[in-house]
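Quick note: the coordinates plus some simple rules give every number you see, no bench work behind them. Just so you know, these numbers come straight off a predicted model, no measurement behind them. Virtual Cβ from ideal backbone geometry, glycine too; neighbours counted across all protein chains shown.
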Amino acid sequence: MKKITRNFLAVLMSFMLALPALAQAPVEMADGMRAEGKIYVVVAIILMVLIGLFTYLFLLDRKVKKLEDKLGNNR
Amino acid sequence: MRNNWWKILGIVLLLYVHIGGLLLHAPRMPILNETIRALYFHVPMWFGMTLLFTCSVVCAILYLAKPTQRMDFFTVELAKVGAALGVLGMLTGMLWANYTWGSPWHGDVKQKYSAISLLVYMAYFVLRGSLDNGEQRARLSAVYNIFAFAAMIPLIFILPRLEDSMHPGNGGNPGFNVYDLDSSMRLVFYPAVMGWILIGLWIASLRIRYRLIEEKILELEDEKNN
């Protein structure tokens, strides 16, 4: 009985010791890209595409509005 | 411009999301690594789809209560934009799965069931396409729309939670909180959901207005001929 308890405690201890090590394992991220500042290029490109698409949507919206006005639609 | 504030809000939110999503802090997680940021772009697709399908089913019920051509346009166009967002969610999910789970189609339970619910909605469009009579098409498809919605909710939100899924918050997996122990991801994720919902509604509204104009033109032509 005593042996089982001791074994159990030993396992528990080893878990407790291992946990912080697990938590602190270095996780690879795109740190280099951030350090170089190249990430801003990616952000700028994505923003250009988005702004282009939204402008397109707005122009489409305006065209539909013009047609509605022409037909005398209230909505 | 005063009626367009929600469109501008959607645009501003999404511009913020694409800046913040790439530049703000994200937790360091093994296996996911930097791809954790895909959460900002993949999950809002499904949220957007769900909301648009919800709007669609509400319109379907309203149509059945009081049939008007206008309500039928609302129902079908909302469902179309919702389905488009769902397909984007599926494709982005497959790309993400390829690099984190090991293959694009992993047989993950949520992946399978969301594919099934998309197919259920595809059948909605097939049903509409196979009926010639406008009124009959609107009525039958409104009824089917309710069934499709009733199938989608358990398929995506309930069943995957009962089985083992690799999606966070499902099966044996811990909840969404695993991604944002310090809540930092919520700062980008919730605006992303809001933004995509607003943009989805905007696109749907354009399609609805286009259908209404088309309808009006047909009416005017009829009047001229008679």
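Whole-Hz Karplus ³J(HN,Hα) for segment A:51-58, in order, using 6.51 cos²θ - 1.76 cosθ + 1.60 and θ = phi - 60°, x for Gly and Pro?
Each residue of segment A:51-58 in turn: 4, x, 5, 5, 4, 4, 4, 5 Hz.
For the peptides B:30-43, B:188-201, what is the packing order when you average, over each peptide's residues, the other Cβ atoms within 10 Å and list the highest mean first?
B:188-201, B:30-43
Mind pulling the angle between the C-alpha long axis of helix B:39-65 and the longest principal axis of chain B? Nearest 10 degrees, somewhere in 0 to 90.
30
Tell me the angle of helix B:186-225 to the major Cα principal axis of chain B, expressed in degrees between 0 and 90 and rounded to the nearest ten.
Around 10 degrees separate the two axes.
Compute the separation of the alpha-carbon centres of segment B:200-219 and segment B:100-122 and state it in Å as a whole number.
When both Cα centres are located, 32 Å separates them.
Tell me, what ³J(HN,Hα) does each residue in segment A:29-45 have, in order and in whole Hz, if you take phi through Karplus 6.51 cos²θ - 1.76 cosθ + 1.60 with θ = phi - 60° and put x for Gly and Pro?
The phi angles translate into 10, 7, 5, x, 4, 5, 4, 6, x, 5, 4, 5, 5, 4, 4, 4, 5 Hz.
Counting only the backbone N, which residues of segment B:2-42 are under 17 Å from the spot 7 Å out from the Cα of A:A44 toward its beta-carbon?
In segment B:2-42, the label zone of A:A44 (backbone N under 17 Å from the point 7 Å along Cα→Cβ) covers B:19-20, B:22-23.
Filter the chymotrypsin sites (Phe, Trp or Tyr not before Pro) in segment B:105-163 down to the DSSP loop ones having no more than 14 other Cβ atoms within 10 Å, then list what survives.
B:W105
If each of A:D69 and A:M33 carries a label point 7 Å out from its Cα toward its Cβ, how far apart are those two points in nm?
Inter-label distance under the simple model: 4.4 nm.
Sort segment B:1-137 into rounded, prolate or oblate with this rule: let a ≥ b ≥ c be the square roots of the eigenvalues of the Cα gyration tensor; rounded if a/c is under 1.5, and if a/c is not under 1.5, prolate when a/b is larger than b/c, oblate otherwise.
Oblate, since a/c reaches 1.5 and b/c is not below a/b.
Compute the helix-to-body angle for B:69-100: its Cα long axis versus the longest principal axis of chain B, expressed 0 to 90° and rounded to tens.
Taking Cα atoms only, the helix is inclined about 20 degrees.
With θ set to phi - 60° and the Karplus curve 6.51 cos²θ - 1.76 cosθ + 1.60, what are the ³J(HN,Hα) couplings of segment B:122-131 in order, to the nearest whole Hz, using x for Gly and Pro?
Here the 3J(HN,Hα) series is 4, 4, 4, 6, 5, 4, 4, x, 8, 10 Hz.
Kindly count the pairs of lysines across segment B:1-152 whose alpha carbons are less than 24 Å apart, treating pairs on different chains or eight or more residues apart as eligible.
Lysine pair count for segment B:1-152: 4.
Report the Cα centroid-to-centroid distance between segment B:14-89 and segment A:40-69 in angstrom, as an integer.
19
Could you give the Stokes-Einstein D for the protein assembly as shown in µm² per second, using the C-alpha Kirkwood radius, 4 °C, 1.567 mPa s?
Here the translational diffusion coefficient equals 58 µm²/s.
For B:R186 and B:V143, calculate 0.36 nm times their separation in residues minus their Cα-Cα distance, and state this gained length in nm to one decimal.
Answer, rounded to one decimal: 11.8 nm.
Tell me the label-point distance for the pair B:T68, A:L60, using the 7 Å Cα-to-Cβ offset, in nm and rounded to one decimal.
The two pseudo-label positions are separated by 2.5 nm.
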